[in-house]
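Encoded as structure tokens, the structure appears first; notes follow it.
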Amino acid sequence: MTARMRATNGLAGESACPTKTHGFFRSAGVVSAAVSLSRITGLVREMAMARLFGAGAVYDAFLLGFRIPNLTRNLFAEGALSSAFIPILSQYLATKGKREAAELSNVLATALFVVVGAVCIVGMIVSPELVRLMAPGFEQVPGKFQLTVTLTRIMFPFLAMVALAAQAMGVLNACDRYGIPAMASAVFNVGSVAFGLALGFTVGRSLGLDLIHSMAYGVLAGGILQLLWQVPSLLRVGFSFRPSFDFGHPGMRQILRLMLPAVLGSAAVQINMIVNTNLASSITDASGHVINGPVSWLGYAFRFVQLPIGVFGVAIASATLPAISRSAAVGHMDEFRDTIARSLGTVMLLTIPSSVGLAVLGESMIGIVYQGRRFQPFDTHQTAVALTCYSVGLAGYGATKILAPAFYALNDARTPMLVSLASIAVNLAAALALLRFAGMGHAGLALSTSVVALFAAAALFAILRVRVHGLHGGRLRSSAFRIAAASALMGAVCRASSYGIHLAAGAGRLAQFADVAISIPLGVAVFYATARALGVEELEAVRAACYTSIRNAPRPEVGDPPARNR
């Protein structure tokens, strides 16, 4: 077998021809590790905020102040920019050389600095109008609206920093450098908390800054660190920034053409978030007074959901996209269908039991992570209710991460955009029905988000199945049924375990720790045994891939000195 054939088939270790499935799972595992670190540090960041500020008016104000520039970041800076910039820069590197690629990078960085800088200035000026648009209920709570406006103005320049950091990440990825940019989000999470706390407990006091204002300045510092973290790697690959105002550059025009559908698709997601935040800010109690906390409860709960979405959905999607892009490019549609089906099956294997586990054990997990000081047991319960409703859509979130890029691999950016736009109507209808007619409060808003995720996944799957003439639907239905059955048994066992532990140990912190320490391993064992007994194909594929990775791991030769002595 030639070297080229070995590279194509991803040979490793002693196996002459390990299956592509094993290579797929190994790739997903590598990406998962990087995403996990980012999600975990983000959870630690939220833990610190929960202990310091709880889930009342102050954190509601901070969360909205951070969300306003963050919405714009998601719309223009990261997803849309990366999906358009990386392919064009890669093309320039391959066909025109590093000098032309560096010129394109400088043109884009200059444009971002000018355009996003202007957006930041305008955003700071119109912050009162933006806050009033997103959270009209805040004006009914004395001081809450003014605090939100101030925090928004402090954090708005974060958008410029993160846009430039996303551009730097695109350059490094196009140059096959993934480790440093993958760590950038973790650097932001750690840096923002460390700087905010340091400022708040030192010079911030002498400057008359409240701790919440110091944490807002910490967000700015974290954004700067996220950019600076990547600069040495940029210099090592031969890219340094020089202002270039050639906005008519042909590469820039290509990037803008590719960005438009992605921006429109992302806009739908941001509109849904604006609608839900608007409704959450106006939730009232029985006497008609606006409640402090719903925005915070939803924010804390969604941070928990982001962990499995990132570790499973994003990681598997990252490993899937290159494979399906190659298959589509050479017309191997059988391979395309197999890869999509395998990815969807794996997402179901990981997200369905995760959603059941979050719903059953969520209150204990939230209590361990968030509860303490200003975050009270009442906040724990309300956050757990939201988490249960968010977890309903976990499989939908993960499947969408697989299905939307599949259309891009087929050179179709229009279909995901149209599905995203349709989701606006679905979200509005579901949110109003669950909040106002069903009386579910903030839980109804979380559930409406899950409804949208499931709708998007189902719509994309149905359209893609027609487009590629089948997606192994029978096999996926069989897997889904077996995984759901194993998850249901797991959930029943975990529920019984949790009930017994709390009955014996009460409702305190010790019971929460015992619940998580006992019920999670027990649930994993029950799910694994049941899924094996039911013959879930995806579980066997994951087991085989893990076994192959361990078996083929490099081992020192006999007689080699220990690594530490080399």
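Remarks
- Tally, over segment 487-523, of residues that are part of a helix (DSSP H, G or I), open to solvent by 70 Å² or more (accessible area, probe 1.4 Å) and touching a residue at least 60 places away in the same chain (Cβ under 8 Å): 3
- Residue among V193, V131, V141, V187 that is closer than 30 Å to S105 by Cβ and either without any contact (Cβ under 8 Å) to a residue 40 or more places away in the chain or among the β-branched types (V, I, T) (or both): V187
- Selection over segment 375-394 of residues that are farther than 24 Å from F455 by Cα, in contact with a helix residue (DSSP H, G or I) (Cβ under 6 Å, 6 or more places away or on another chain) and open to solvent by 20 Å² or more (accessible area, probe 1.4 Å) gives a count of 1.
- Given (1) more than 27 Å from V275 (Cα to Cα); (2) assigned to a helix (DSSP H, G or I); (3) in contact with a helix residue (DSSP H, G or I) (Cβ under 6 Å, 6 or more places away or on another chain), number of the condition L471 does not satisfy: (2)
- S296 being part of a loop (DSSP other than H, G, I, E, B), at pLDDT 85 or above and either of a type in the set (A, V, I, L, M) or surrounded by 13 or more Cβ atoms within 10 Å (Cβ to Cβ) (or both): no
- Checked against the criterion of being at pLDDT 80 or above, open to solvent by 10 Å² or more (accessible area, probe 1.4 Å) and not acidic (D, E), segment 324-331 has at least one qualifying residue.
- In segment 405-415 there is at least one residue that is under 19 Å from the mean Cα position of the chain (by Cα), at pLDDT below 85 and surrounded by fewer than 23 Cβ atoms within 10 Å (Cβ to Cβ).
- F239 vs. criteria in contact (Cβ under 8 Å) with a residue 12 or more places away in the chain, buried (at least 18 other Cβ atoms within 10 Å of the Cβ) and under 25 Å from the mean Cα position of the chain (by Cα): no
- Residue within segment 84-100 that is modelled with pLDDT of 85 or more and of a type outside the set (K, R) present: yes
- Complete set of residues in segment 209-224 that are under 20 Å from the mean Cα position of the chain (by Cα) and open to solvent by 30 Å² or more (accessible area, probe 1.4 Å): none
- Given (1) assigned to a helix (DSSP H, G or I); (2) polar (S, T, N, Q); (3) surrounded by fewer than 22 Cβ atoms within 10 Å (Cβ to Cβ), index of the condition T449 fails: (3)
- The residues listed here are A174, A118, A194, A102; of these, the one that is open to solvent by 10 Å² or more (accessible area, probe 1.4 Å), closer than 27 Å to M47 by Cβ and more than 19 Å from the chain's Cα centre (by Cα) is A194.
- In segment 18-57, of all residues being outside any helix (DSSP H, G or I) and at pLDDT 75 or above, the one that is surrounded by the most Cβ atoms within 10 Å (Cβ to Cβ) corresponds to A55.
Here is a yes/no grid of residues against (1) at pLDDT 85 or above; (2) touching a Gly at 6+ places or on another chain (Cβ under 8 Å); (3) not in a helix (DSSP H, G or I):
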site	(1), (2), (3)
A165	yes, yes, no
G170	no, no, no
N173	no, no, no
R177	no, no, yes
P181	no, no, no
A184	yes, no, no
F188	yes, yes, no
G222	yes, yes, no
G265	no, no, no
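- Any hit, segment 119-134, residues being outside any helix (DSSP H, G or I), under 20 Å from T284 (Cα atoms), in contact with a Leu (Cβ under 7 Å, 6 or more places away or on another chain) and among the hydrophobic types (A, V, I, L, M, F, W, C): no
- From A111, A166, A184, residue being more than 23 Å from the chain's Cα centre (by Cα) and open to solvent by less than 70 Å² (accessible area, probe 1.4 Å): A111
The values are calculated or read from the model by the stated rules, or taken from the named source; none is laboratory data. What you see is a predicted model; the values in this text were computed from it and never measured. Don't worry about glycine lacking a Cβ; one is built from the backbone with ideal geometry, like all the others, and counts go over all protein chains shown. The area values use the complete protein model at the heavy-atom level, side chains included, leaving out ligands, DNA and RNA. Shrake-Rupley method; radii C 1.70, N 1.55, O 1.52, S 1.80 Å.
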